[in-house]
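The values are calculated or read from the model by the stated rules, or taken from the named source; none is laboratory data. Just so it is clear, the structure is predicted and the values come from calculations on it, not from any experiment. Every residue, glycine as well, gets a Cβ built from its backbone with ideal geometry; the counts of neighbours run over all protein chains shown. Areas reflect the complete protein model, heavy atoms only, side chains present, ligands, DNA and RNA absent. Shrake-Rupley method; radii C 1.70, N 1.55, O 1.52, S 1.80 Å.
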Amino acid sequence: MPGKNLSREEARDRAATIRVESYRVHLDVSAAADPGRPTFRSTTRISFDCAEPGATSFADLLAPEVLSVELNGLALDVAEVFDGTRVTLPVLAAHNELTVVAECAYSRTGEGLHRFVDPVDGETYLYTHYEPADARRVFANFEQPDLKAPFTFTVTAPAAWDVYANAVHERVSGEGAARTWEFAPTRPISTYLTAVVAGPYHVVRDHYSRELPDGTVLEIPLAATCRRSLAAHFDADEILTVTKQGLDYFHQEFDYPYPFGKYDQCFVPEYNIGAMENPGCVTFREEFVFRSKVTEAAYESRANVILHEMAHMWFGDLVTMKWWDDLWLKESFADFMGSYAQIGAGTRYRSAWITFANRRKAWAYRQDQFPTTHPITADIRDLEDAKLNFDGITYAKGASVLKQLVAYVGPAAFFEGARAYFKKHAFGNTVLDDLLDALEETGGRDLRAWSAAWLQTSGVNTLTPEVTCDAEGRITELAVRQDGAPLRPHRIAVGLYDRDADGALRRTDRYELDVAGERTAVAAAVGRPLPALVLLNDDDLTYCKVRFDEHSLETLRTGLGDLADAPAADGTGTGTGTGAPSLARALAWSAVWNLTRDGLMPTRDYLDLVLRFAGRESDVGVLQSLHQQAATALAVYADPAHRDGYGTALAECALRELSLAAPGSDHQLAWARFLADTAERADHLQLLRGLLDGTGRIDGLDVDQELRWSFWLALAAQGAATPAELAAELARDHTASGRRQQTQCLAALPTPGAKAAAWTSVVDSDELPNALVEAQIAGFNQPGQRELTAAYAAPYFEALESVWAERSIEIAMRIVGGFFPRYQTTPDTLAATDAWLAAHPDAAPALRRLVLECRDDLARALRAQECDAR
Ligand SMILES: [Zn+2]
């Protein structure tokens, strides 16, 4: 396997011969604050056994320079054994000591040891991110999840800094400019889970303790950190509250004491993903530290991530997948637990399942209909495959399927199985069968057929109600038709809804049943009067796309906003009036969005539902996803002849709802943002400008810094802002966030020069850090600038292969996905995409996969436009 890649076979062979006893890693980042120093000193000592003395193997290392390699006391010739990505180990003994000293590079892409300088105060901050295989950018190692070992980290850093790693530090020594932090050895963990965070971080400390069943007391020191310049915005209390609720809940449900000592949560700059579950040292994107007002949905989302990462301490960190094929074992589970624990742990976020049904599943449905979809248990040949599988299948579909499994075996058996699994495989590695064995033992149900249907196949089923009535309007048959291959067993609820005295559409009957095969009758419904609405998969137990019969669809067209949940049996829940959040309503919104995406509902009909009912949507998370979907529908699914009309209608709707929303409410903020997303007309832009310069005012709307930037982005994209004005705004907000947003606004200006500058800075140069690459791309691609960006379609296809070959995979993925000409929704763009695919059968599979997915989105957009034009 050439270059930076590593194949499953290589990993399997290496694991068959090597057993790692321990790592000792010393990193010297004492000169990190000097921007002229591109590297830091890394010294690794690995003690390991080899089952076949005399065999050859290799360690992984991506470093600009290796100073020395010593194996069992013998200095090896660096030029001979190091090729830039691997260190060849020529002859191994039964027991080995390997010492590698290297100069490793600070990262600007969020991969490896990332270095960031805060524009506010000039302070330097470092953190690591490795998954799936970037620990080798920081120290020499055996980079695969099933070669676990205890790690002892020692870090030399500027004296004024703090350093965090997976374990507690035992000693800090040294005087003068630098000090050395010596950390305790970790429990056996995988390389991708190790972490170091260093810098003058602001820290809030707390403590968690719990009496265990055996009478001992478990003590867990807690810390939450962020950059100093964000300290004023850091609501550590709220973060630590959710943390403690989660620790209580997981100890109760998992019955295995938290195994990693202390629990630090570090919010770090320019982070590529949401968060990473490093044992004892979780890293989060610092956008979760809210600088300006955000809606309750943002707090809910952060709590979900906190609980997701915490679930990983058991599922993923304590018990780890053997290879990336079984990535789902940890991600599906953590994704499911993120929502499950929000309710179970008693957090204040009661809408978790509504959000899951409405937002998380949308990600899964989208991914599962790509031609590149895959079974939840995937076939991961190498690291490039692995990198692309942190996707809607591994996370959201996997979590949906676990939700279905809980409906199938019951929560008690599910958690009992999980408990047995943790105890049996603690500090080890597992595959699918290990989990099924544990669940079968406790649940008593054969899960092999279930697993074959749900975990080892791809694609989403569609469920459609078929209703027939007699002359009196009574149901003679209600059946559930299942489409899509393969057909699967589904445990579902069917809800029948009628209008009550207040006009609300409320459930009157609920039938829970197993759906199997092509057609399943709902016998209990026979004889009942035809309801206003039949809702399949009510309560969202299974994973499927839901359709409606004609009569039900007609009810939704005139009354989607009237849908309300039935009162919960125990009196709990989110409330039951039509003004209360409703899972049924969220499911209906999700279903009509799928109809639109599938070209079965004209975009104008979907937008009509949004115009009529979004203003009444009480769940702000659902409302914000409606805003996003409406913006997508307008940009790519609308018949081009009608785009302007739809856009104006949406902007007017935003303006109306903005004026109606309660002052200071989340809804008011959401509508203000949506107005910025849709404003094109001069009077709407004038209104935004007035809000910015203070000549306009909306009662209760705080035009804070983040909202200011979203208004500036709207003005910039319409050519109604100047670079000088954007520079002035940056001067007012001279922060990392301000810099990103100003960059995005500049790239959004509708001039050939702005587009060329954005394109060149990303495609022709490797200077920008990940965060600014993202900002340039986000600004470049504006739906209203089709003519201006059309010229970049051809250069895009020409650049693909060199971008993939030359850039780090994180940056390459952003360029390939971000610069695809997705607003050029024409058959010509589709033809150009097909031509590239046909001419590059041997391009990297991961690159082809990304292009195929962009192509599929485009083809879908063309179908939806056709439907809308009919
Ligand atoms: Zn995760």
| When the Debye formula is applied to the Cα atoms of the stretch 153-312, each taken as the same point scatterer, what base-10 log of I(q)/I(0) results at q = 0.11, 0.12 Å⁻¹? | -0.45, -0.54
| field | Binned Cα-Cα distance frequencies in the stretch 358-444 - 5 Å width, integer % | value | 3, 13, 19, 19, 19, 16, 10, 2
| note | Between the modelled labels at D693 and A580 (7 Å from Cα along Cα→Cβ) the distance in nm is 4.8
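Projected area of the stretch 244-398, taken from the Cα convex hull and averaged over every viewing direction, in nm²?
On the way: hull surface 38.7 nm².
Answer in nm², one decimal: 9.7.
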| query | So what's the stretch 394-443 giving for Cα Rg divided by 2.2 N^0.38 Å, two decimals? | reply | 1.13
| Zero-based 10 Å bins, Cα pair distances in the stretch 702-847, whole percents | 11, 39, 32, 14, 4, 0
| said: Taking a ≥ b ≥ c as the square roots of the Cα gyration tensor eigenvalues, with a/c under 1.5 meaning rounded and otherwise prolate when a/b beats b/c, else oblate, which class fits the stretch 817-867? | reply: prolate
| said: Restricted to Cα positions, what overall size does the stretch 420-514 have along the principal axes? Three whole-Å values, descending. | reply: 63, 32, 22
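Counting every Cα pair in the stretch 102-145, what percent are over 14 Å apart? Before the final figure, lay out the partial values.
Values: 471 of 946 pairs.
Counting every Cα pair in the stretch 102-145, those more than 14 Å apart make up 50 percent.
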| request: Can you list which of the trypsin sites (Lys or Arg not before Pro) found in the stretch 682-776 are DSSP loop residues with at most 12 other C-beta atoms within 10 Å? | output: R697
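Express in % the proportion of alpha carbon pairs of the stretch 320-387 at distances exceeding 16 Å.
Values: 1331 of 2278 pairs.
The calculated P(r) of the stretch 320-387 puts 58 percent of pairs beyond 16 Å.
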| field | Equivalent ellipsoid semi-axes, the stretch 464-550, via Cα gyration tensor eigenvalues times 5, rooted, Å | value | 22, 15, 10
| request: Describe numerically, in nm with one decimal, the distance between label points set 7 Å from Cα along Cα→Cβ at R37 and at H425. | output: 4.2
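Round to a whole number: what % of the accessible area of the chain belongs to carbon and sulfur, probe 1.4 Å?
Details: 16010 of 30930 Å².
Carbon plus sulfur share of accessible area: 52 percent.
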| request: At a temperature of 37 °C and a viscosity of 0.692 mPa s, determine how fast the stretch 229-297 diffuses translationally according to Stokes-Einstein, using the Kirkwood radius over alpha-carbon pairs as Rh; express D in µm²/s, rounded to the nearest whole number. | output: 242
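What does the accessible area per residue of the chain come to in Å², with a 1.4 Å probe and no ligands, DNA or RNA counted? Write down the numbers at each step before the final one.
Working: 30930 Å² over 870 residues.
Accessible surface, normalised per residue, equals 36 Å².
When the convex hull of the Cα atoms of the stretch 1-59 is projected onto a plane and the area is averaged over all directions, what value comes out in nm²? All intermediate terms of the calculation are to be shown ahead of the outcome.
Numbers: hull surface 23.5 nm².
Average of the hull's projected areas for the stretch 1-59 equals 5.9 nm².
Quick one, can you get me the convex hull of the C-alpha atoms of the stretch 73-194 expressed as volume per residue in Å³? Working shown, then result.
Details: hull volume 18.3 nm³, N = 122.
Given the Cα convex hull of the stretch 73-194, per-residue volume reads 150 Å³.
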| said: If each residue of separation counts as 0.36 nm, what is the full-extension length gain between A724 and T508 once their alpha-carbon separation is subtracted? | reply: 71.7 nm
| Hey, what D do you get for the stretch 632-789 in µm²/s if you plug the Kirkwood alpha-carbon radius into Stokes-Einstein at 10 °C and 1.306 mPa s? | 97
| Dipole of the stretch 144-289, positive direction: furthest Cα of V204, H251, V168, with charges on the beta-carbon | V168
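Determine by what factor the alpha-carbon radius of gyration of the stretch 625-674 differs from 2.2 N^0.38 Å, reporting the quotient. Spell out each step's value before the answer.
Working: Rg = 11.9 Å, N = 50, 2.2 N^0.38 = 9.7 Å.
Here the answer is 1.22, to two decimals.
For the stretch 317-469, what is the convex hull volume of the alpha-carbon atoms per residue, in Å³?
149
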| Cα pair distances exceeding 51 angstrom across the chain, given as percent | 16
| note | Per the charge dipole of the stretch 301-448 (beta-carbon charges, Lys/Arg positive, Asp/Glu negative, Cα centre), the residue among A303, A426, A364 reaching farthest to the positive end is A303
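How much length, in nm to one decimal, is gained on full extension between R732 and A51, taken as 0.36 nm per residue of separation minus their Cα-Cα distance?
On the way: separation 681, 0.36 × 681 = 245.16 nm, distance 6.29 nm.
Result for the pair: 238.9 nm of gain on full extension.
What FRET efficiency comes out for the pair R519/R448, r = Cβ-Cβ distance, R0 = 25 Å, nearest 0.05?
Details: r = 25 Å, r/R0 = 1.01.
Efficiency, rounded to the nearest 0.05: 0.50.
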| message | Quick check: pseudo-label points 7 Å beyond the Cα along Cα→Cβ at E554 and Q686, how many nm apart are they? | response | 4.5
| remark: Long-range amide H partners of S107, meaning residues 5 or more apart or on another chain whose placed amide H is closer than 5 Å, are L113, H114, R115
| query | Can you give the three extents of the C-alpha atoms in the stretch 120-246 along their principal axes, from longest to shortest, in whole Å? | reply | 43, 42, 30
| query | If you average 1/r over all unlike Cα pairs in the stretch 609-705 and invert the result, what Kirkwood radius do you get in angstrom? | reply | 13.7
| field | Debye log10 I(q)/I(0) at q = 0.13, 0.18, 0.19 Å⁻¹ for the stretch 490-645, Cα point scatterers | value | -0.62, -1.14, -1.25
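Could you grab the Rg to Rh ratio for the stretch 55-137? Cα atoms only, Kirkwood for Rh.
On the way: Rg = 15.8 Å, Rh = 14.3 Å.
My calculation puts Rg/Rh at 1.10.
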| said: If each residue of separation counts as 0.36 nm, what is the full-extension length gain between A93 and R870 once their alpha-carbon separation is subtracted? | reply: 272.4 nm
| remark: For K262, the lysines lying under 19 Å Cα to Cα, once residues fewer than eight places off in the same chain are dropped, come out as K244
